[in-house]
1. Taking a ≥ b ≥ c as the square roots of the eigenvalues of the Cα gyration tensor of the chain, is the shape rounded (a/c under 1.5), prolate (a/b larger than b/c) or oblate?
2. Leaving out same-chain residues fewer than 8 places away, which lysines sit with a Cα under 22 Å from that of Lys248?
3. Taking the Cα atoms only, what angle lies between the long axis of helix 187-199 and the longest principal axis of the chain, rounded to 10 degrees?
4. Strictly greater than 19 Å: what percent of every Cα pair in the stretch 5-113 meets that?
5. In what sequence, highest mean first, do 196-205, 181-190, 256-265 appear when ranked by Cβ atoms within 10 angstrom?
6. If you add up the charges near Glu160, with Lys and Arg at +1 and Asp and Glu at -1, over every other residue whose beta carbon is less than 13 angstrom from its beta carbon, what do you get?
7. Just check the stretch 147-270 against the gyration tensor rule for me: Cα atoms, a ≥ b ≥ c as the square roots of the eigenvalues, rounded for a/c under 1.5, and otherwise prolate or oblate depending on whether a/b exceeds b/c.
8. Can you compute the helix-only [θ] at 222 nm over the chain? Use -39500 (n - 2.57) per DSSP H run of at least 4 residues, normalise by all residues, nearest 500 deg cm²/dmol.
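Just so it is clear, none of the values below were taken in a lab; they were calculated from the coordinates. These numbers were taken from a predicted model, which means no experiment stands behind them. We place every Cβ from the backbone using ideal geometry, glycine too, and count neighbours over all the protein chains shown.
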Amino acid sequence: MRNQNVYIFLKYDLLIPPGVEDSAVFAGVPEKEARPLPEDADFFETPLFPPLNAEGAGEKKTMRCYLVSGDAAPASWRRVPLRSVIAKAEGTADGKNAADLLRACHIMHWRKVSRFCGSCGAPNFDSAIETARVCAVCGRIEYPRICPAVITAVTNANGEILLSHNKEFPDGLYSLTAGFNEAGESLEDTVRREVYEEAGVFVKNIQYITSQSWPFPSSLMAGFKAEYAGGKIVCDGIEITDAAFFKKENLPNIPAAGSIARHIINLYISGAL
Ligand SMILES: [Zn+2]
């Protein structure tokens, strides 16, 4: 049997056994180094999407993953936060590896919440043909849940950017307006609603920029930019405790590298937004 790399997750951390170098965070731990795995580890293997380019599709691969619970994690193994791995990969050749890890993390959490049929309550089993779980009784198929959310950079006529402080953020940290898409909304509708709900202002000229898988636990972040169209800043005081337009030269603390929020704020700083 060939020696295969594996990823071992504990919630949003990767677990690295002793003696395995930092480089393994991306490359995966060799299977023999990952032994003995904790007894309660949930094993799954997930197909990865091959790289696509003008020459065609790359090699098809699968990734072997184990999810362990906090109690069962060996004390000697290192915990590496997945978010720090993503931040390290930004703009490097490890970008594809980081995307693969995001997929594994997403599927791992979905597996935890899809053990039973949401319709009749019977146990689900793993589909043999696709990444899905199937009910043994009623046949209901469940795919990994993906929750779309928008994140928006609003700028005004003075070239300032709207940033807000969420009560869940660390003190002094400000970011772009973000929120989940509601049933029946287009993503542009969500942008308009979220900016109004969080900051009390209206926007126009909404344009899509880029997107990022954000499996903490199951989001897809769609990044937009928009122009201020009117209204006075009023925070809801519950979720958002402060919001303001900031000048490029005078920004507060902003999110770390690796997030789409930082990527879009960087576009603003460089004048490319
Ligand atoms: Zn069922």
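1. It comes out prolate by the Cα gyration axes.
2. The reachable lysines, counting only those whose Cα sits under 22 Å from Lys248, are Lys204, Lys225, Lys232.
3. Long axis of 187-199 versus the principal axis of the chain: about 60 degrees.
4. Of all Cα-Cα pairs in the stretch 5-113, 43 percent lie more than 19 Å apart.
5. Details: 196-205: 17.4, 181-190: 13.6, 256-265: 20.0.
So the order, starting with the most tightly packed, is 256-265, 196-205, 181-190.
6. On the way: positive: Lys247, Lys248; negative: Glu227, Glu249.
With Lys, Arg at +1 and Asp, Glu at -1, the neighbours total 0.
7. In terms of gyration-tensor shape, rounded.
8. -6000 deg cm²/dmol
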